[in-house]
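The values are calculated or read from the model by the stated rules, or taken from the named source; none is laboratory data. Since the structure is predicted, the reported quantities are computational estimates derived from the model, not experimental observations. Every residue, glycine among them, receives a Cβ derived from its backbone with ideal geometry; neighbour counts consider all protein chains shown.
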Amino acid sequence: MLFIIALAGAVVALLVFFNAKKRANKQESGLAMIGFVVAALIALLQCWTIIPAGHVGVIDFFGNVSDNTLYPGVNLVNPMANVIKFDARTQELKEVMNVPSKEGLSVELEISLLYSLSFANANKIYKTVGEDYVDKILIPQFRSVVRGVTASYDAKALYTEEREVLSKRIETDLSKLVGPRGITLEAAPLRQITLPPGLTSAIEEKLKAEQESQRMQFILQRETQEAQRKRIEAQGVADFQKIVSQGISEQLLKWKGIEATEKLANSGNSKVVIIGSSKDGLPIILGD
């Protein structure tokens, strides 16, 4: 529309210029020429459009939407066409909703959705939905999928580590619905979950009992391993004593006693050696 107005202004300015030229009116012809240049420049600028970074452009020429989308930067376009610019950067959608659990309980859930618009499918979104695609298809489908997924999980799952599995399933189910239409989902994190007070206390007590049970199992396992270690150690000592006792005989002991007596006898220290009359016959050695 601006192109047509600028073009019409340029034509009018040009006619005024020639008319003033015939009448030799230099002031009027000068103003007309300035008007012509300004109008022509405005008309020429309508042949170009700038798409900001992270955006995508869709060309609408009197209801005929082009299959080609405009990418960020300077683009040459039909000056008569209307260029609709979509934000294709990652955006966040926050929702606070009451959702049902598998037990039929009502749980307050605060959840976010990170999404972006596909560059290649922006024209499809514009033709089938329009510029307000978020309100028309994304939000309703998002709410429906979240309620459908939470209804198949116990309230405990929303409160424990299974929430990551639940979040991933929401993302997967929603992608099947809006992905083909040109919307790319990145994540659906669960921000906050508010359960009924009584249920929250019961879940916390159950989790605490489970943790205590796991701790006791660890202690029992550790004690069992320690008892096994002591049995192995005792068995090793017993085996050692058995081997040693089998290798020591009466003759060996007598021989060792004789060797000790010889060493004492050859020693330079003052001593009295009395030969014993006991069964083994070993001497009794008395010093000073």
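Computed quantities for the displayed model
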quantity: Odd one out for M80 among (1) touching a residue at least 60 places away in the same chain (Cβ under 8 Å); (2) surrounded by 15 or more Cβ atoms within 10 Å (Cβ to Cβ); (3) outside any strand (DSSP E or B); calculated: (2)
quantity: Selection within region 250-263 - surrounded by 10 or more Cβ atoms within 10 Å (Cβ to Cβ) and at pLDDT below 70; calculated: L252, L253
quantity: Qualifying residue in region 28-49 (condition: more than 35 Å from the chain's Cα centre (by Cα), exposed (fewer than 14 other Cβ atoms within 10 Å of the Cβ), of a type outside the set (S, T, N, Q) and in a strand (DSSP E or B)); calculated: yes
quantity: Candidate set from region 156-183 (those that are of a type in the set (D, E) and surrounded by 15 or more Cβ atoms within 10 Å (Cβ to Cβ)); member that is farthest from L93 (Cα to Cα); calculated: D173
quantity: Some residue of region 139-150 being of a type in the set (K, R) and touching a Pro at 6+ places or on another chain (Cβ under 9 Å); calculated: yes
quantity: Residues satisfying the stated conditions in region 125-146, i.e. more than 12 Å from F86 (Cα to Cα) and modelled with pLDDT under 90; calculated: K127, T128, V129
quantity: Of all residues in region 138-155 being touching a residue at least 40 places away in the same chain (Cβ under 8 Å) and surrounded by fewer than 18 Cβ atoms within 10 Å (Cβ to Cβ), the one that is nearest to P180 (Cα to Cα); calculated: I139
quantity: Residue list for region 179-191, restricted to those being in contact with a Leu (Cβ under 8 Å, 6 or more places away or on another chain), assigned to a strand (DSSP E or B) and not hydrophobic (A, V, I, L, M, F, W, C); calculated: T184, E186
quantity: Qualifying residue in region 52-65 (condition: within 27 Å of the chain's Cα centre (by Cα) and not in a loop (DSSP other than H, G, I, E, B)); calculated: yes
quantity: Any hit, region 219-240, residues being surrounded by fewer than 10 Cβ atoms within 10 Å (Cβ to Cβ), modelled with pLDDT under 75 and either assigned to a helix (DSSP H, G or I) or outside the structural domain of S175 (by TED's automatic domain parsing) (or both); calculated: no
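Per-residue answers, yes or no, for (1) outside the structural domain of M80 (by TED's automatic domain parsing); (2) touching a helix residue (DSSP H, G or I) at 6+ places or on another chain (Cβ under 6 Å); (3) small (G, A, S); (4) at pLDDT 70 or above:
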residue: A8; (1), (2), (3), (4): no, no, yes, yes
residue: F17; (1), (2), (3), (4): no, yes, no, no
residue: V37; (1), (2), (3), (4): no, no, no, yes
residue: A40; (1), (2), (3), (4): no, yes, yes, yes
